[in-house]
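This report concerns only the one structure given below.
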Amino acid sequence: MSKQLTPKSSKKQSPESSKNLPPGLQLENVDDRIMTLNVGPQHPGSGHMRLIIKVDGDYIVNCDPDPGYVHRGEEKMAEYRNYITNIPHLERPVIHDSCNILYPYCLGIEELVGIEVPERAKYLRVIAAELNRCVYTQYWLAIYGIFLGHSTMFMWPAGDRELLIDLLEKMSGARVTHAYFVPGGIRNDVPANFEDVCLRQVNYFEKRIKEYAGIFYDNPILIARTKDTGVLSREDAIRLGTTGSVLRASGVDFDIRKKEPYDVYDELDVHSNVMKAGDSYARSKVPWLDMLESCNIIRQALEKMPKSGGVRTKLKPNPKGGDDEVYRRVESGRGSLGMHIVSDKKPQPYRLKISVGSFRNLIAMPYLLKGEKLGNMPAVYWSLNYWPVEADR
Amino acid sequence: MSTSDNKETAQESTQVEAKPEDKPKENLPAFEKSLTDKIQKKFGDKTEIAYVKSNRTRVNVKKEDVVKAAQFIREMGFDHAESVSGVDYPESKEIEVVYHLGSYSDPTLAKQILALATRATREDDPKPGNDSTKLPSLRDVFYSVEFHERECFEMLGVFFEGHPDNRRLLLPEDWADIPPLRKDFGNKGR
Amino acid sequence: MLKDLVTPQNANVFLGNLGDILIKAVDKPLGMALNWGRLWSLWPVHIETACCSVEFGAASGPRYDVERFGIIEAFGSLRQCDLVVVQGTITRKMAPRLRLVYDQMPEPKYVIAMGACAITGGLYFDSYNVLPGIDGVLPVDVYVPGCPPRPETLIQACMLLQEKIKRQKIR
């Protein structure tokens, strides 16, 4: 009886009470103190991504990420195109990391069709992937600079990444959308003097990014803003299934280049960078350490690379896989990037699922932002190494 | 310059017939075999081992057993989900959901990806959330599948029972068509 | 009497009307000067809609530096902006938001459609969630082809837009 009565009475009361009270004077309830903020999709910091944040005063009490503003249906489109014509649109989710997003796709198709990649192509793939990782991380760092109001940190990485873009342009002919990896190797060989130019540029690049420590990572303002904000413990990082720099900043030593080496990573000396703190500072520093490591890998690969040889095993036109499925993953700039390709003896994939690091790190965002101050939101949000276009696919 | 390079490489590279390798089934990788043996020992004929390849194994279970199987797999050391992909099979009237599970905490399992697949019935006229296309959610077993399952719900219309918020994630708010990754949904002009 | 008429609530309207009257009065003699002022301080909205934003970022970086040509870097409120660079694909979820952004900007405002996706849908011509070009959403002034356009192309588009503004009647 009482259960039936209460909603009726409350229904009756609510219009009366709102009549009696002047608007704006109903702040006695705790619920009324909580305000809803829409961060994005247009926001000077975050692009193409919305966070619905509830704040109590200065503290975030709830965060509901609303991605999907760049959802372009890549997975559906892939079912209509054959394995080769899928390449250009599959690299669009992260055009500044396009080599790494094509890497698992090419590895998967090579496994499906059953072809081997020439030795020189394997090394060139590693070089292109590592260069592209640096290009991605530099852009990410530049935007992190904007997020924290550090304009110099936008200008420096945005300028230095052009060095490596030049190298990639020499290799593939395009500034950002390389479409350099194809099933069976790479699209074309590098020009004659590439090794010398690459070594010189990478050495200079390494010298430049070491200077970032002084201006950015040792900056007391940055440390004050990012230290101890958004702490993700080791257990939670594993439980939430985060990946890449977010995971390694929380003290889990998991780098797919090292744990499950693909192509020639097992012949190279790869060191994965781990920090134990798990806060925004660690998450912003691990990608920078990765860039230094990438320079090492590129130098090793240049040294060990065969100086001549074929770079592409030609496929038959319209290659077909068997009645099979593969799941291949690589370490991209944002962490593990896996592709699940289901084939049904047709030239088109039956189903292509792209499992990206950004989407997997998204789950950590509401978890970390709860209880954080609103001012710390940008520092936490972008430290998750999140690229919205990739997460939406 | 570049065109000559291309010609050279085209001459150098050899034409290889694209054919799947036919390996004898006897020499299955030992470690992966031991993993699937554990699962088969526990569940018997409720599970079906789809394949055992190097570093990749796949187990098919019925939807009644998927939570128990997932709990057992978590006890084996797999602690997170890499991806959850739904595949639509209109011929057999089923939608398959594949959980790709990996391990961070156990270094011996670091290379392994265990695919746990289960199937839900498919209806020709889908009403997402209100028809028989339902599966138990693995969110309580593997917390990391939360957003993946939300994506799977809107893309294929598989309702996950026990999931705290089966809301829309990527598609526009006013999406009224059938779930787009079903095979009977066609892109325009295709 | 003026005090009674102008309240804080309607001061904006009064000022706006005053501005219209002023603009009509100065269009002939001062139009050139006003357009010249707009020309070199185009302020783009920071709305990144898809992957072309990477090249937009590179264009505001040190090597290409669009600030030399009068395009100010994209920081700040959209109520001070007068240029929308639509950086790539507009999905069905984003289109109403893009229009909302455009409607909030003060006149005069200009639109650059950057990239193949913003012009015709580009690579995503058959995708279920992508608009075939933004012409149905915004009035476009300059189209920039490319997927993505190089920063030089974007700079050229900005210069074309400046040419267009030079010849416009002030509004």
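Every number here is computed from the coordinates shown, using simple stated rules; none is lab data. Keep in mind that this is a model prediction, so the values were computed, not measured. When we count neighbours, we look across all protein chains shown, and the Cβ atoms used for this are built from the backbone with ideal geometry, even at glycine.
Kirkwood Rh over Cα pairs of segment A:249-332 into Stokes-Einstein at 37 °C, 0.692 mPa s: D in µm²/s? Intermediate results must be reported in sequence, preceding the final value.
Values: Rh = 15.8 Å.
The calculation lands on 208 µm²/s.
Across segment A:205-266, the convex hull enclosing all Cα atoms gives 108 Å³ per residue. Please build a GNM for chain C, connecting alpha carbons under 10 Å apart, and tell me which residue among C:Gly122, C:Gly16, C:Gly70 fluctuates the most. Greatest mean-square fluctuation among the candidates belongs to C:Gly16. Computed over neighbours whose Cβ is under 9 Å from that of C:Ala113, the net charge equals -2, Lys and Arg +1, Asp and Glu -1. Per residue, the convex hull spanned by the Cα atoms of segment A:121-190 amounts to 72 cubic angstrom. Each other residue within a Cβ distance under 15 Å of A:Ile221 adds +1 if Lys or Arg and -1 if Asp or Glu, for a net charge of 0. Legend: residue pairs A:Lys210/A:Lys276; A:Lys314/B:Lys33; A:Lys285/A:Lys373; A:Lys316/B:Lys53, Cα-Cα distance threshold 23 Å; pairs beyond threshold, A:Lys314/B:Lys33; A:Lys316/B:Lys53. Taking 7 Å steps out from each Cα toward its Cβ at A:Leu37 and A:Asp166 produces label points 4.2 nm apart.
Cβ crowding within 10 Å ranks A:Ser245, B:Ser132, C:Ser127 as B:Ser132, C:Ser127, A:Ser245, fewest other Cβ atoms first. Considered as an equivalent ellipsoid built on the Cα gyration tensor, segment C:40-166 has semi-axes of 21, 17, 13 Å, the largest given first. Taking max minus min of the alpha-carbon positions on each principal axis, segment A:108-240 gives extents of 51, 40, 21 Å, largest first.
What is the mean projected area of the alpha carbon convex hull for the protein assembly as shown, to one decimal in square nanometres? Quarter of the Cα hull surface area: 39.4 nm². For segment B:47-172, taking Cα atoms only, Rg and Dmax work out to 14.3, 46 Å respectively. Peptides A:172-178, A:266-272 ranked from most to least packed give A:172-178, A:266-272, packing being the mean of other C-beta atoms within 10 angstrom over each peptide's residues. Here the protein assembly as shown carries DSSP beta bridges of which approximately 75% are antiparallel, counting only pairs with both residues inside. Segment A:163-238 and segment C:133-171 have their alpha-carbon centroids 32 Å apart.
Quick note on chain A: its Rg to Rh ratio, both from C-alpha atoms and Rh being the Kirkwood radius, is 1.07. Pairs of Lys residues in segment B:57-175 that lie 8 or more places apart, or on two chains, and have C-alpha atoms under 16 angstrom apart add up to 6. Counting Lys and Arg as +1 and Asp and Glu as -1 over every other residue whose Cβ lies under 14 Å from the Cβ of B:Ala81, the net charge comes to +1. For segment C:12-77, the ratio of Cα radius of gyration to the globular rule of thumb 2.2 N^0.38 Å stands at 1.53.
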